[in-house]
Ligand SMILES: [Zn+2]
Ligand SMILES: [Zn+2]
């Protein structure tokens, strides 16, 4: 339940699906539908749902089988089985297998509301416990923008321009591109630079925690609110408020924020007194908000408020020229932090870093440098110190769809690692040279091009 | 609780089945007073045939909405059907009313509002009050309002008449703000769509500005 509450409705009957989705959307939840077990399992791979409604009888993969997979792979998602009158026994079986509850079609309105409320409350508690544990483990880190590539130079001059005015800014860019650094730079160059810079990641809180984080609360606003607390809106007075992952803000809170932006005042949770605020708003997202507006999961009026100026932060693969500078920047930092005598990076290692497409962007490069520095035995980082970035498939967000595509990508990378040396590559791939030659021809790969 | 400022949105009310003129007038007056919108009566309207669900002996509210929003009432961006039919949707055993989220049509039924949960009849005033509350709730859905957690706000979801009775005939501050925003956006949209049309005569303007619901049926 980090950010918005997300619900998946799995039922092969279109009218049931539409009816339930429609009802849940009226409560402002982000709801999607799947017409069968197979589609549901596909959707679960790309997105985490807080609550899943599962029809027991479906033609392709039945609800019980999907339930087993959910319990095994996504243990934090709540599952509710939907059944027709005829299959009460199956529903009981589902409860034994770990379903959180079940409903018989058609539902009593009260049953449905109470069930959804109860489960989301349980989910909230689970998530808050996870958050508490993770909070202790995370390490804070600060860094600056680095880059001499053309697109970064354009970005820098854009920041200069934007800093002169006071309008809201929306930063768009993939995860790990350094959107917070851009926001900080805008703040640092603006008239508000002597005021505070207050960042908050909207995707890192449950809905109710996010509300009190943003708006603050008065004593006794809810159980546990033993003393009044200032929210980030108040802290940002005179400065810049940075809302990261704005796409995760629940619809209802979008209304509250829209109101703050229009009226320049708000009140704390559980409070009645108006508090006037004056801050500059910078937001960031990796989501495609115009598409979310079409789907009704993001408010159009709120979007237009945020998006007075839009800045795109380029992914690392579009500024490969910056990689040597960035790599050295991170090397300096980790050398100091780890006290290891790593003095530089070999050219071949830099070439290798520039041949990779960095789906996790600057953050992935930063992590790669940290790992290389920690594990390195030499005074200079070599290509071998970075070989792991090609091996870990899990960080690859632009995951190829077909087996063919996968094979092509893999061969390309291995060839790059081996400087286009066919024998070496064939050895690593555990195929003979002829086979590799044939594959290169088949996929129209040019070993000389992929070589550094 | 905050009051919504008046707006130029026009809503047309149709009667589906027999509900009675007083019920219609009460609902209209409440829509005008609380939402600040203009309301006209558009007369009786037939029940779409496909809406009847023989196996449940009820009427599918979603199908009624689909039918209504396809009807040509060019002057009315929002249509509300008032009915005495027993309404349901595919996943729920009954509904008091239903609306297209951010869409054009809403339907409200008095069928389940005349009695309490224990079967006792309620006074006619209480019945009208319930009808008005459900109508305000559903029309607000067509203005993109979601269900609200404030237990006394009109947008709080009520599954039973007892809960409905507890509601104030008002929107909470957040919902009132949301309504204001939606109504303003709608008015702007409407104005830009009709900007190129010839200017209305003063007579026409006077007629359209006439206060209060006018019975046209
Ligand atoms: Zn509702
Ligand atoms: Zn409300």
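What nm value, rounded to one decimal, do you get for the distance between residue A:230 and residue A:422 when each label is placed 7 Å out toward the C-beta? Modelled inter-label distance: 6.9 nm.
Over segment A:150-313, Cα pairs under 8 Å with separation of 6+ residues give a relative contact order of 33 percent.
Using a 10 Å cut-off on Cβ to Cβ distances, tally the other chain neighbours for every residue of A:17-25 and report the average as a whole number. List each step's numbers first, then the result.
Details: counts 2, 4, 9, 4, 1, 7, 9, 2, 4.
Whole-number average of other-chain Cβ neighbours for A:17-25 is 5.
Sorted on the mean count of surrounding Cβ atoms within 10 Å across their residues, most packed first, peptides B:73-82, A:225-234 read B:73-82, A:225-234.
In the protein assembly as shown, the DSSP beta bridges split such that about 15 percent are antiparallel, to the nearest 5.
Against chain B, whose longest principal axis is taken from its Cα atoms, helix B:21-30 shows a tilt of about 60°. Shielding by partners for peptide A:105-111, expressed as the average number of C-beta atoms from other protein chains within 10 Å of each residue's C-beta, is 6.
Distance distribution note for segment A:150-313: the fraction of Cα pairs above 21 angstrom is 46%.
How large, in Å, is the protein assembly as shown by the Kirkwood hydrodynamic radius built from its alpha-carbon pairs? Could the numbers behind the result be given before it?
On the way: mean 1/r = 0.0347 Å⁻¹.
About 28.8 Å, per the Kirkwood formula over Cα pairs.
Please arrange B:109, B:192, A:212, A:149 by how many other C-beta atoms lie within 10 Å of their C-beta, fewest to most. Before the final figure, lay out the partial values.
Details: B:109 26, B:192 9, A:212 20, A:149 16.
Arranged by neighbour count, lowest to highest, B:109, B:192, A:212, A:149 become B:192, A:149, A:212, B:109.
If you average 1/r over every pair of different alpha-carbon atoms in segment A:178-218 and take one over that average, what Kirkwood value in Å do you get? If you can, show how the numbers build up before the last one.
Numbers: mean 1/r = 0.0844 Å⁻¹.
For segment A:178-218, inverting the mean 1/r across all distinct Cα pairs yields 11.9 Å.
In segment A:317-449, Cα pairs under 8 Å separated by at least six residues give a relative contact order of 22 percent. Which distance in Å, rounded to a whole number, links the C-alpha centroids of segment A:64-120 and segment A:330-369? Computed from Cα coordinates, the inter-centre distance equals 48 Å.
When you restrict to C-alpha pairs under 8 Å that are six or more residues apart and normalise by the size of chain A, the relative contact order lands at 13 percent.
The distance linking segment B:99-138 with segment A:164-197 is 50 Å (Cα centroid to Cα centroid, whole angstrom). Counting only DSSP beta bridges whose two residues both lie in segment B:10-209, roughly 30 percent are antiparallel.
Could you sort B:99-108, A:101-110 so that the peptide with the highest average Cβ count within 10 Å comes first and the rest follow in order?
My ranking of the peptides, most packed first, is B:99-108, A:101-110.
Remark: mean inter-chain Cβ contacts per residue of B:82-94 equal 5, using a 10 Å Cβ-Cβ cutoff to other protein chain atoms.
For chain B, the alpha-carbon coordinates run over 56, 40, 30 Å along the three principal axes, in decreasing order. Between 0 and 90 degrees, the angle of helix B:124-142 with respect to the longest Cα principal axis of chain B falls at about 60 degrees. Each of the peptides B:128-140, B:14-26, B:171-183 was scored by the mean count of other Cβ atoms within 10 Å over its residues; in descending order, highest first, they stand as B:128-140, B:171-183, B:14-26. The Cα center of segment A:35-53 and the Cα center of segment B:30-69 differ in position by 35 Å.
FYI, it's all coordinate maths here, none of it is from the lab. Only a predicted model underlies this, so the values are computations on that prediction, with no experimental measurement involved. With ideal geometry, Cβ positions are generated from the backbone for all residues, glycine too; neighbour counts draw on all protein chains shown.
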